[in-house]
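A.B. asks: Got a structure for you, written out below as structure tokens; questions coming shortly.
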């Protein structure tokens with residue numbers, strides 16, 4: 001393969017290595033590794049992977065939690081010049097097996113948690129070769145051990161072409177199986193070049209690393225940090241009990257999470273005035289960021305610039321951004337949600353009409369084309385309905401309804417699949433959520449459409465103070481049409497979160513259906 005290292009995703013780490021060879025590249029609890037040591041170890045593991053008797057693997061799985069082995073494993077796969085597939089050891093083995101098969105993974109790097117899953121993954125004849133640092137192959141194990149020999153370490157990363165796939169991430173699929181999204185080195189090169197021009201990250205920065213490695217936002221954490229010679233620090237769940245102390249102890253200057261983390265930190269008492277003074281940058285993505293949450297975060301971190309980032313996995317991590325302004329942002333947002341901003345330079349976009357045929361100048365489904373767009377899913381059948389051909393270009397359909405603001409930015413309205421029909425009225429669930437959050441005592445609110453005989457009923461879940469349903473309904477009727485007032489209200493202590501720490505709306509829909517079915 002031809003090409004230079006400049007466009008390769010691993011070039012980010014090489015730059016950090018040059019800037020900070022003895023600096024800490026990643027820290028997980030009490031364990032950490034420097035740039036120099038991570039580089040040498042990754043070259044060693046990459047050499048072992050490429051010298052397999054059955055030939056170099058097409059794709060390398062990293063079946064590990066946020067551990068030093070996981071981070072070095074991702075780097076080793078990139079150094080080997082093959083596709084990296086981050087895998088979540090907390091997922092059911094059957095689902096992980098689907099991902100391994102779909103991506104053509106034949107070699108996996110594991111930590112202790114990943115190692116424990118191997119018997120299930122190898123069951124049924126799946127041929128796996130395993131690099132398990134610090135472990136000896138168990139007697140009778142149904143997988144081959146990849147042996148590491150210092151004599152076979154690579155002298156440097158293998159060259160890759162911009163069109164080569166850097167990594168594959170899996171999203172949920174409507175068919176009941178995960179969909180593999182391919183992201184190339186060219187995709188990431190464009191993305192990180194834009195970020196370099198926008199932000200002033202330095203070797204002195206310390207990045208939070210909140211996201212699991214199978215979530216694309218984790219790539220932002222790692223490769224922004226590594227491109228600057230900075231440190232990425234894994235944030236454990238226990239840190240949320242006292243996040244201000246954790247961030248201060250670790251010296252974190254750059255925070256990135258889903259907006260749900262704001263509510264959690266607030267509930268734990270960590271979101272007071274100036275409780276997060278060390279932050280310089282604060283980023284949120286993955287779900288809608290409410291204006292009230294952004295305002296509270298700014299009060300807690302007054303020295304930090306707050307940005308709302310937006311983008312599906314298919315458009316390489318994030319493809320637009322809005323810089324929060326307490327004065328301007330609430331005026332531009334819809335339903336109390338911070339705008340998603342301007343689409344990245346080098347990309348074109350248009351808003352698709354509801355019938356999927358024309359273009360709307362003001363509101364519609366966001367469609368994007370440009371250098372960050374995935375070349376497609378692993379299974380070409382999954383491309384159906386997600387891409388449009390207009391003229392000589394392909395466009396990705398995000399499934400998100402957006403509205404143009406007065407200054408040319410985009411405001412998030414809601415998911416197309418978050419619309420429901422109630423007695424003939426099309427209801428944006430985000431609008432109901434916004435109204436409910438304004439009710440006395442309500443903190444967080446999520447409304448779902450629950451199927452019932454003859455139609456759909458709205459079921460609202462909320463946190464905060466427990467309030468009689470009739471009282472909530474009375475408040476809502478002052479601002480919402482009757483069809484938009486939920487028929488059911490349920491107080492819960494906290495919203496369920498999925499593995500990516502987003503609110504698990506599918507779990508709430510299931511719970512609503514069960515509650516309605518069991519109602520007297």
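A.B. asks: Restricting to the stretch 423-518, compute how many DSSP beta bridges are antiparallel as a %, nearest 5.
C.D. replies: On the way: 10 of 14 bridges.
Approximately 70 percent, going by the DSSP bridge assignments.
A.B. asks: Also, quick follow-up: Measuring from label point to label point, each 7 Å out along Cα→Cβ, what is the residue 202 to residue 274 span in nm?
C.D. replies: Once both label points are built, they end up 2.3 nm from each other.
A.B. asks: Could you calculate the FRET efficiency of residue 348 with residue 127 from 1/(1 + (r/R0)^6), where r is the beta carbon distance between them and R0 is 35 Å, rounded to 0.05?
C.D. replies: That gives a FRET efficiency of 0.20.
A.B. asks: Nearest 10 degrees, 0 to 90: what angle lies between the long axis of helix 93-103 and the longest principal axis of the chain (Cα atoms)?
C.D. replies: It works out to around 70 degrees.
A.B. asks: Starting from the Cα-Cα distance between residue 466 and residue 440, subtract it from 0.36 nm times their residue separation and give me the gain in nm to one decimal. Don't jump to the answer; show the numbers that get you there.
C.D. replies: Details: separation 26, 0.36 × 26 = 9.36 nm, distance 1.00 nm.
8.4 nm is the gain from fully extending residue 466 to residue 440.
A.B. asks: Neighbouring Cβ atoms within 10 Å as the yardstick, rank 51, 474 fewest first. Walk me through the numbers on the way to the answer.
C.D. replies: Working: 51 16, 474 12.
In order of increasing Cβ crowding within 10 Å: 474, 51.
A.B. asks: What whole-number distance in Å separates the alpha-carbon centres of the stretch 491-520 and the stretch 253-318?
C.D. replies: With the stretch 491-520 and the stretch 253-318 each reduced to a Cα centre, they are spaced 24 Å.
A.B. asks: Further question: Subtract the Cα-Cα distance of residue 404 and residue 153 from 0.36 nm times their separation in residues, and report this length gain in nm to one decimal. Provide the component values of the computation, followed by the final result.
C.D. replies: On the way: separation 251, 0.36 × 251 = 90.36 nm, distance 5.27 nm.
Computed gain between residue 404 and residue 153 is 85.1 nm.
A.B. asks: Let me ask you something else. Would you mind checking the radius of gyration and Dmax of the stretch 154-245 based on alpha-carbon positions, in Å?
C.D. replies: Spelled out, the Cα radius of gyration and Dmax of the stretch 154-245 are 16.0, 46 Å.
A.B. asks: Separate question: What is the Rg over Rh value, at two decimals, for the stretch 89-129, using alpha-carbon atoms and the Kirkwood definition of Rh? Let's see the in-between values first.
C.D. replies: On the way: Rg = 9.3 Å, Rh = 10.3 Å.
Ratio of gyration radius to Kirkwood radius for the stretch 89-129: 0.90.
A.B. asks: List 492, 109, 146 from most exposed to least, where exposure is judged by having the fewest other Cβ atoms within 10 Å. Display every interim value, and only then the final one.
C.D. replies: On the way: 492 15, 109 27, 146 20.
In increasing order of surrounding Cβ atoms, one gets 492, 146, 109.
A.B. asks: Next question, about the same structure. Put a dot 7 Å past each Cα toward the Cβ at residue 18 and residue 509; how far apart are the dots in nm?
C.D. replies: For residue 509 paired with residue 18, the spin-label model returns 4.9 nm.
A.B. asks: Moving to a separate point now. Is it possible to state the helix-based mean residue ellipticity at 222 nm for the chain, with each DSSP H run of 4+ residues giving -39500 (n - 2.57), the sum divided by total residues, to the nearest 500 deg cm²/dmol? What is it?
C.D. replies: On the way: 14 runs with 147 residues, N = 520.
Taking each H run of at least 4 residues, the total per residue is -8500 deg cm²/dmol.
A.B. asks: Give the percent of DSSP beta bridges with both residues in the chain that are antiparallel, rounded to the nearest 5.
C.D. replies: Values: 55 of 90 bridges.
Here the share of antiparallel DSSP bridges comes out near 60 percent.
A.B. asks: Follow-up. Could you give the angle, 0 to 90 degrees to the nearest 10, between helix 112-122's Cα long axis and the longest principal axis of the Cα atoms of the chain?
C.D. replies: Once rounded, the angle reads 90 degrees.
A.B. asks: So how do 68-79, 503-514 stack up, highest first, on mean other-Cβ count within 10 Å?
C.D. replies: On the way: 68-79: 27.2, 503-514: 16.8.
In decreasing order of mean packing, 68-79, 503-514 become 68-79, 503-514.
A.B. asks: Hey, another quick one. Can you give the translational diffusion coefficient of the stretch 286-411 in µm²/s, computed by Stokes-Einstein from the Kirkwood radius over Cα pairs at 25 °C and 0.890 mPa s?
C.D. replies: Numbers: Rh = 15.5 Å.
Rounded to a whole number, D works out at 158 µm²/s.
A.B. asks: How far is the Cα center of the stretch 428-459 from the Cα center of the stretch 58-120, in Å?
C.D. replies: For the stretch 428-459 versus the stretch 58-120, the Cα centre distance is 39 Å.
A.B. asks: Where Rh is the Kirkwood radius over the Cα pairs of the stretch 40-193, the temperature 10 °C and the viscosity 1.306 mPa s, what D in µm²/s does Stokes-Einstein return? Write out the running numbers ahead of the final one.
C.D. replies: Details: Rh = 15.7 Å.
D = 101 µm²/s.
A.B. asks: Against the 2.2 N^0.38 Å scaling, with N counting residues, where does the stretch 423-518 land? I'd like the Cα-based Rg ratio to two decimal places.
C.D. replies: Details: Rg = 12.7 Å, N = 96, 2.2 N^0.38 = 12.5 Å.
Compared with the compact-globule rule of thumb, the stretch 423-518 sits at 1.02.
A.B. asks: Let me ask another. Can you tell me the 0 to 90 degree angle between the C-alpha axis of helix 505-518 and the longest principal axis of the chain, rounded to 10?
C.D. replies: 50 degrees
A.B. asks: By how many nm would the segment from residue 242 to residue 516 lengthen if fully extended, with 0.36 nm per residue of separation less the alpha-carbon distance?
C.D. replies: On the way: separation 274, 0.36 × 274 = 98.64 nm, distance 3.75 nm.
Here the segment from residue 242 to residue 516 would lengthen by 94.9 nm.
Coordinate-derived values only; no laboratory data. Bear in mind that the values here come from a model prediction, so they are computed numbers and not experimental data. Heads up, the Cβs are rebuilt from the backbone with ideal geometry, glycines too, and the neighbour counts pull from every protein chain shown.
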